[in-house]
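To start, the structure under review is shown below, and the notes come after it.
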Amino acid sequence: MEVIIRKDADTGCLLGARIIARYVREKPNCVLGLATGRTPLRLYQELIRMHRDEGLDFSRVTTFNLDEYVGLPATHDQSYRYFMRENLFRHINIDPANTHIPDGTAADLHTECRAYEERIIAAGGIDLQLLGLGRNGHIGFNEPSGSLRSRTWIKILSEQTLQDNSDVFGSRSAMPRHAITMGIGTILDARRCLLLAFGPPKARAVERMIEGPLAAICPASALQLHPRATVVVDEASGSALQFSDHYRWIDANKLPWQRYD
Ligand code: GLP
């Protein structure tokens, strides 16, 4: 796991945007796995800026989002389809037909989950998967104790996640308790993973993900198995790491082609 510590969330997001932009430039028809939540917002703003000012071209890019709430139509302002349209897709030149998000309103959710996996395979697999991190160590909506080999499926959200995400719904009762999410196995199949986690509330989960044992109780720890996972944290979310000097040493001694900035 490549651990990169930056001063704050802003510089961490700019770095994440550079990593994605480089990938898009090198492989214009790449398949990106995307995430929602507060964490990647600044990264998406930077991608939009790069599209506008530097001609970063998304016309041949395909995307697959990690997850979607069950029961929320695309028109609902808290659906992840709505989030992606408002915060990224409508500002860049991506073909909407190439953007995929699980359909949480499908009549047959099981079929939708299996079809989502098939669509990823048909697109050639995910080249780079962007991830955020839940305070309880979840990635996508893979909550603690779920299988580390799971595929896209319907998950029950934990009480912690309901608490963390319900403010935007107005109340806890207004928030769906179920979501479709790529499984941990689906995420690990991506050729590259890029996880961002910032701020003091994420410190414990960051420490468990990077330095804790590989354990289903911290789903993000599964990234320890990934051959090419990059984790970008800031001083605050990295504050509980025991080996931060080691990560900084590695970062400072990278070969020129291993650097992002
Ligand atoms: C949400 C999403 C995750 C996201 C995480 C952190 O519930 N399902 O994909 O990474 O929780 O959210 P935030 O970035 O808002 O802290």
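The values are calculated or read from the model by the stated rules, or taken from the named source; none is laboratory data. Computed from a prediction, not measured in an experiment: that's the story for all the values here. With ideal geometry, Cβ positions are generated from the backbone for all residues, glycine too; neighbour counts draw on all protein chains shown. For accessibility, only protein heavy atoms count, side chains too; no ligands or nucleic acids. Shrake-Rupley method; radii C 1.70, N 1.55, O 1.52, S 1.80 Å.
Report, ordered by the first and then the second residue, all pairs with beta carbons closer than 6 Å, sequence separation of six or more or different chains, a first member in the stretch 137-148 that is touching a residue at least 40 places away in the same chain (Cβ under 8 Å) and open to solvent by less than 20 Å² (accessible area, probe 1.4 Å), and a second member that is small (Gly, Ala, Ser) and within 9 Å of the ligand (Cβ to nearest atom).
Taking only residues 6 or more apart or on different chains, the pairs are Phe141/Ala179.
Would you be able to say whether some residue in the stretch 148-155 is within 10 Å of the ligand (Cβ to nearest atom), among the small types (Gly, Ala, Ser) and over 16 Å from the mean Cα position of the chain (by Cα)?
No, the stretch 148-155 contains no residue that is within 10 Å of the ligand (Cβ to nearest atom), among the small types (Gly, Ala, Ser) and over 16 Å from the mean Cα position of the chain (by Cα).
Can you tell me which condition Glu159 does not meet? The list is (1) open to solvent by less than 40 Å² (accessible area, probe 1.4 Å); (2) within 26 Å of Leu41 (Cβ to Cβ); (3) acidic (Asp, Glu), and all the others hold.
(1)
Are there any pairs, at least 6 apart or on different chains, whose C-beta atoms fall under 8 Å, with the first in the stretch 96-124 and within 11 Å of Val70 (Cα to Cα) and the second open to solvent by less than 40 Å² (accessible area, probe 1.4 Å) and in a helix (DSSP H, G or I), and if so, which?
Pairs found: Pro102/Glu112; Pro102/Cys113; Pro102/Tyr116; Asp103/Glu112; Ala106/Glu112.
Looking at the stretch 226-261 only, could you name the residues that are touching a Lys or Arg at 6+ places or on another chain (Cβ under 7 Å), more than 22 Å from Leu188 (Cβ to Cβ) and surrounded by fewer than 18 Cβ atoms within 10 Å (Cβ to Cβ)?
Result: Glu235, Ala240, Tyr260, Asp261.
I'd like to verify a number: residues in the stretch 121-146 that are assigned to a loop (DSSP other than H, G, I, E, B) and either within 19 Å of Thr63 (Cβ to Cβ) or out of contact with any Gly (no Cβ under 7 Å at 6 or more places or on another chain) (or both), how many?
So the answer is 17.
Would you call Tyr82 of a type in the set (Ser, Thr, Tyr) and crowded, with 20+ Cβ neighbours inside 10 Å?
No.
Determine if the stretch 147-156 includes at least one residue that is among the small types (Gly, Ala, Ser) and modelled with pLDDT under 95.
Checked the stretch 147-156: no residue is among the small types (Gly, Ala, Ser) and modelled with pLDDT under 95.
Checking Leu131 against (1) near the ligand (Cβ under 10 Å from one of its atoms); (2) hydrophobic (A, V, I, L, M, F, W, C); (3) without any contact (Cβ under 8 Å) to a residue 40 or more places away in the chain: exactly one of these is not met. Which one?
With respect to (1) near the ligand (Cβ under 10 Å from one of its atoms); (2) hydrophobic (A, V, I, L, M, F, W, C); (3) without any contact (Cβ under 8 Å) to a residue 40 or more places away in the chain, Leu131 is out only on (3).
So which strands (runs of 3 or more DSSP E) are wholly in the stretch 1-120 and hold at least 2 residues that are away from the ligand (no atom under 16 Å from the Cβ)?
Hits in the stretch 1-120: 2-6.
Would you mention how many residues in the stretch 11-48 are touching a residue at least 40 places away in the same chain (Cβ under 8 Å), in contact with a Cys (Cβ under 7 Å, 6 or more places away or on another chain) and not hydroxyl-bearing (Ser, Thr, Tyr)?
The qualifying residues number 1.
With respect to the numbered conditions (1) surrounded by 20 or more Cβ atoms within 10 Å (Cβ to Cβ); (2) of a type in the set (Lys, Arg); (3) farther than 22 Å from Asn165 by Cβ, which one is the sole condition not fulfilled by Lys202?
(3)
Which residues, counting only those in the stretch 205-225, are in contact (Cβ under 8 Å) with a residue 24 or more places away in the chain, of a type outside the set (Asp, Glu) and open to solvent by 10 Å² or more (accessible area, probe 1.4 Å)?
Result: Arg208, Ile210, Leu214, Ala216, Ile217, Gln224, Leu225.
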